1. In segment 10-18, is there at least one residue being within 22 Å of the chain's Cα centre (by Cα), surrounded by fewer than 17 Cβ atoms within 10 Å (Cβ to Cβ) and modelled with pLDDT under 95?
2. Conditions: (1) open to solvent by less than 20 Å² (accessible area, probe 1.4 Å); (2) more than 20 Å from Lys70 (Cβ to Cβ). Val146 meets all but one. Number of the miss?
3. Considering Arg69, Arg75, which residue is out of contact with any Ser or Thr (no Cβ under 6 Å at 6 or more places or on another chain), more than 17 Å from Lys143 (Cβ to Cβ), of a type outside the set (Asp, Glu) and assigned to a loop (DSSP other than H, G, I, E, B)?
4. Step by step: first the residues of segment 31-90, then only those that are more than 19 Å from Glu157 (Cβ to Cβ), among the small types (Gly, Ala, Ser) and touching a strand residue (DSSP E or B) at 6+ places or on another chain (Cβ under 8 Å), then the one that is surrounded by the fewest Cβ atoms within 10 Å (Cβ to Cβ). Which residue is that?
5. Return the residues of segment 124-135 that are farther than 10 Å from Lys92 by Cβ and either in a strand (DSSP E or B) or modelled with pLDDT under 95 (or both); say none if nothing qualifies.
6. When only residues in segment 78-113 that are part of a strand (DSSP E or B) and among the hydroxyl-bearing types (Ser, Thr, Tyr) count, which is modelled with the highest pLDDT?
7. Would you mention how many residues in segment 142-159 are farther than 11 Å from Phe94 by Cβ and more than 20 Å from the chain's Cα centre (by Cα)?
Amino acid sequence: MLKKALASAFVICSIASYQAFAEDGTIGHLFKDKPAVKVYVKDVSNESGSTNITAEAFKSILEESLANRKAMTFRIVSDPAESDIRISAVIKKFQYLKKGPFKPSIGIQTTLLDAAATMTENYAEMAVGFIVTDTKNDKVLWKADVDDYIKKLMTAECSTVLMCDKIARGFIWQCFGKANRREGRGRFLI
C-alpha cells in the first residue's frame, strides 16, 4: 500500500513539474550562470516564396538582435564548434499588402475603425520557424513558429526591415525570456 502511494505521489510530482516546464516554454534559465551565451546561427532559409525578403537579410537582423539583447548576453560566433547553441530558422511566410486585410468583428464601431485603417494603412505579415539546438550533445532545446504582423504606413522595403526586427525580437523573448513575464508558446524540449 505504501509503495503504491509513493509511486502515485512520484507520478503526480513528475507530471506537475513537466507541466510547469511545458507552460514556461523558455530556455533562458539554462544559461543564467553563463557570462555570455555563444550562438552560431546555422541555417536560415526562405520558403515563403516572397522576393521581398532574403534569408541573408533576416539572418543579419537576427544576429544583430541577439548581440543587442540587454537582459542576456549573446556572443555571435562564426565557428559552430565554439558555440553553446545553434539556431536554425525557416521563413515560412512573408507578405506585404498596400492595403491591409479587412477583418470584420462583432462590434460595429470596431468594424468601422478597422475598415478605415484598412484603407489608409499598409500591412505586413511574417512567420518563421525556429529550432535551437545544444551544440555539445546535438539535442533540440526549443522549437516553435514565431509570427506577427504590422499595420501602419510603410513602404515594401521598410516593411521587410520592420518585420524581420519584430520577429527576431519576438523569438528572443519567447525562447529566452523570463517565464513569469510571458505565456508559453514555444516547446521546451529538454
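The values are calculated or read from the model by the stated rules, or taken from the named source; none is laboratory data. Being a predicted model, the structure only gives us computed values, none of them experimental. We place every Cβ from the backbone using ideal geometry, glycine too, and count neighbours over all the protein chains shown. Ligands, DNA and RNA are stripped out before the accessible areas are found, and what is left, the full protein with its side chains, is counted by its heavy atoms. Shrake-Rupley method; radii C 1.70, N 1.55, O 1.52, S 1.80 Å.
1. Scanning segment 10-18, I find at least one residue that is within 22 Å of the chain's Cα centre (by Cα), surrounded by fewer than 17 Cβ atoms within 10 Å (Cβ to Cβ) and modelled with pLDDT under 95, so the answer is yes.
2. (2)
3. The match here is Arg69.
4. Looking at the filtered set, the residue picked out is Ser78.
5. The answer is Ala124, Glu125, Phe130, Ile131, Val132, Thr133, Asp134.
6. As a first pass, look at segment 78-113 and keep what is part of a strand (DSSP E or B): 85-97.
Still in the running and among the hydroxyl-bearing types (Ser, Thr, Tyr): 88, 96.
Numbers: Ser88: 98, Tyr96: 95.
In this case the residue turns out to be Ser88.
7. 6
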